[in-house]
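J.: Got a structure for you, questions after.
Read the figures in this text as sums done on the coordinates, not as results from a lab. Keep in mind that this is a model prediction, so the values were computed, not measured. Backbone-built Cβ (ideal geometry, glycine too); neighbour counts: all protein chains shown.
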Amino acid sequence: MKEQLEQIAKQYLNVPTLERRKTDSLDFHEVSVWSLKAALEAAYQAGLENK
């Protein structure tokens, strides 16, 4: 599941990693609400498929 979430973050949010890098410029990202919605929907769907 971790790999799926990383892929969703890359694909929908343009976030290269979900690991903490201890630098604000690398750890905080500005994203559109429609990108966030799409990422949440993809994560929800992935969760349903992994049951």
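J.: Going by how many other Cβ atoms sit within 10 Å of their own, how do K22, K10, K37 line up, fewest first?
T.: Ascending Cβ contact count within 10 Å gives the list K22, K37, K10.
J.: Take Q11 and H29, extend 7 Å from each Cα along the Cα→Cβ direction, and tell me the distance between the two endpoints in nm.
T.: Inter-label distance under the simple model: 1.4 nm.
J.: As I understand it, the value is the acute angle between the Cα axis of helix 2-13 and the longest principal axis of the Cα atoms of the chain; what does it come to in degrees, rounded to 10?
T.: It works out to around 70 degrees.
J.: At most 16 other Cβ atoms within 10 Å plus a DSSP loop assignment makes a site exposed; report the longest stretch of the chain without any exposed GluC sites (Glu not before Pro).
T.: The longest uninterrupted stretch comes out as 31-51.
J.: Sequence-distant or interchain residues sharing an amide H contact under 5 Å with V15, placed H: which?
T.: Amide H to amide H, under 5 Å and 5 or more residues apart or across chains, V15 pairs with K10.
J.: Could you check the simple spin-label distance between R20 and E49, using points 7 Å along Cα→Cβ, in nm with one decimal?
T.: So the two model labels end up 3.0 nm from each other.
J.: Could you tell me how many degrees, from 0 to 90 and to the nearest 10, lie between the Cα long axis of helix 33-49 and the main elongation axis, the longest principal axis, of the Cα atoms of the chain?
T.: 40 degrees
J.: Same structure again: Determine the calculated [θ] at 222 nm for the chain from helices alone, applying -39500 (n - 2.57) to every DSSP H run no shorter than 4 residues and normalising by the residue count; nearest 500 deg cm²/dmol.
T.: -19500 deg cm²/dmol
J.: Ok, one more. Which chymotrypsin sites (Phe, Trp or Tyr not before Pro) in the chain sit in a loop by DSSP (not H, G, I, E or B) and have at most 10 other Cβ atoms within 10 Å of their own Cβ?
T.: Qualifying residues, ordered by number: F28.
J.: Could you list T23, T17 so that the one with the fewest beta carbons within 10 Å of its beta carbon is first and the one with the most is last?
T.: T23, T17
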